[in-house]
Each structure stands twice: as structure tokens, then as C-alpha cells.
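What follows is a set of notes on a single structure, which appears directly below.
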2 protein chains.
Amino acid sequence: MQRYFTITQLTQEFDITTRTLRFYEAQGLVSPNRRGRQRLYTPGDRTRIKLILRGKRLGFSLNEIKEMIEMYGSAPGEAGQLGLLLERISFRRDELLEKQRDIELTLLELDEVEEGAKARMAELGAKVRMEND
Amino acid sequence: MQRYFTITQLTQEFDITTRTLRFYEAQGLVSPNRRGRQRLYTPGDRTRIKLILRGKRLGFSLNEIKEMIEMYGSAPGEAGQLGLLLERISFRRDELLEKQRDIELTLLELDEVEEGAKARMAELGAKVRMEND
DNA sequence: TCGCCTTTTTACGTTAAAGTCAATACATCT
DNA sequence: AGATGTATTGACTTTAACGTAAAAAGGCGA
């Protein structure tokens, strides 16, 4: 007994529109079953959607995301294919590691700006206290 | 004595086109000086460009990047402004932390796929060795 | 000064990722 | 059966972020 999700359930859960889900389907990123004309999404489809959204948050294009998702389900394949797969994995990993470094730097800078702002807040507070004396 | 960069120097250093730099200028993300009609970028402009590219790698839009860059140079300002600034900082920080988690997960998944692929490679290798006996 | 090269400006084109709108089609409630 | 509400499909539109092409303006070496 497969549990199915309707399109609207998923749009509500992930805060996206039906247009978006149909678009992803047209791009070959998900392929839900049908009952008549209605789309029925399996739990597997749902996790694919999660992967897509995660990829988007990281700034990957839908095409890149598609490639990555296809890596996950890639069939056994022969040596050449496997080599290509390994190459792609290492490429993506490098990208992700770079993003990690970028995030670290940005977080540090945010810390600095925040400190500055807090310091100025404190100054303002001191001024106000002086004026109220 | 200010050291200046020409537009082509920067396009080569960052592997972007002049069109891109002029576009960023039109969007108010950088504003290089001019000598006649020519653009002259200061080291400060250059670091702004670095920030922009870093933001792009993380999937931020140019508008978001602009907002973030403006945070950096934000003038002292009064309490309300500072409060808003602090809010924005914490919002961006949350986003970045989410991206960090997304990256961790993706890296773990890549590890899994890689292990699978390597295992299959090993199997293939074993097969080949058997056939050559 | 001439010719060549680079830069700038202006304008139009393109691509990804949806948004919007209209026409049907199903399903359900009454 | 009729009304109502939700899904689907197809077509057209929009927005961000540039690409591309053409024309004019300097700059510079011979």
C-alpha cells in the first residue's frame, strides 16, 4: 500500500506553486504517477522535490540539480561510466567546499558589522542617558 | 598615490566580461572613477567585486548582494536604522547557517554515491582479473 | 595625421525559472 | 442534472542577468 501525496499537499508543505511542480516535471526532475489526469506523488517523489529545493537554496541551476539527482539513482554501469561519475562527484564536492569557505568568510564579516552596529547602539544609549540627567 | 585597475585587468583576474562589470555598475553595485570616459577601479572597487562574485557563488541575487554590501558601509545612523541593520544581519546569518546544513547533507550524500561507485569499480576489477586467469 | 586598437554607449536579443490567464476536464455536493 | 470547486493544459508574459552587435570616441605608435 503506497501512500500518495497530491500536488496541493506538496505545494503547501514546501511553499511552492503547482506551476513550479509541473515545471519541474516538464524538465524531467520528477515524474509522478497519474490517476486519470491527476498527479500522484510517491514519498520518493517527495524526497526528490526536497533535493531540488535544497539544490536551489545552494544556487544550483535546475540542470545541475538534475544531473546531481541522476547521479544518485545511477545504475551500476561499466568502468567508463563509473569513472565519469567519480569525476562529477569530485567536481561537485569541490564546489561545495568552496561554498563552505565562502559562507565562513561571509559569516565572519557579518559578525564584524554586527559588532560595529552594537557598539554604536551602546554609544547612542550612553548619549540618551546623559541627556536625561 | 592610488593604484588603479582597468576594466580589462579585472575581467581577466575574475574571468568575467566587461559587459558584466558595466552591468554591475548600472545596478549600483560598483561605481568606478573616470579618467575621461575610461573607468578606473580602485582596490576598494576590486574587493566589492570580489564580494559580489562570492555572493553569486552562494546563490544570492544581485539585489540581495547589493543590500549586503550596503550593510558593510552603512553610516553610523540612529537607533531605528541600527535596529533594522541588526535584524537584517540576523536574517542573513540564518540563511547562511541553513546553507551550511544543506551543504553538509549534500556532501554526505556525495560520499555515499562515491562509495557505491567505488565498490562497483572494485567488483569490475575483480571480474577482469578472473577473466584474465 | 593616419590607421588601428580598445573602450564606451546604446539598443536589442537570450536564457532560466517561473508567473499569469484562459479554456477544459473531473469530481463532488446538493 | 446543475452548480461548485479543484486540476490540468497550453499559451503568453515576466524578471534577472547577462550576451551580442553596431556606432562613436579616444589613445597611441609610425
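FYI, it's all coordinate maths here, none of it is from the lab. Just so we're clear, the structure is a prediction, and the values are computed from it rather than from any experiment. For neighbour counting, all protein chains shown are included, and Cβ atoms are generated from backbone atoms with ideal geometry for every residue, glycine included.
Below, the figures for the structure above:
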{"quantity": "Selection within the stretch A:20-66 - within 21 Å of B:Ser61 (Cα to Cα) and within 12 Å of DNA strand D (Cβ to nearest atom)", "calculated": "A:Thr20, A:Gly59, A:Ser61"}
{"quantity": "Candidates B:Arg101, B:Arg120, B:Arg88 - the one that is away from DNA strand C (no atom under 16 Å from the Cβ), under 23 Å from A:Glu95 (Cβ atoms) and either at the interface with chain A (Cβ under 7 Å from one of its Cβ atoms) or part of a helix (DSSP H, G or I) (or both)", "calculated": "B:Arg101"}
{"quantity": "Enumeration of residues in the stretch A:19-32 that are within 14 Å of DNA strand C (Cβ to nearest atom) and within 19 Å of A:Leu51 (Cβ to Cβ)", "calculated": "A:Thr20, A:Leu21, A:Arg22, A:Phe23, A:Tyr24, A:Glu25, A:Ala26, A:Gln27, A:Gly28, A:Leu29, A:Val30"}
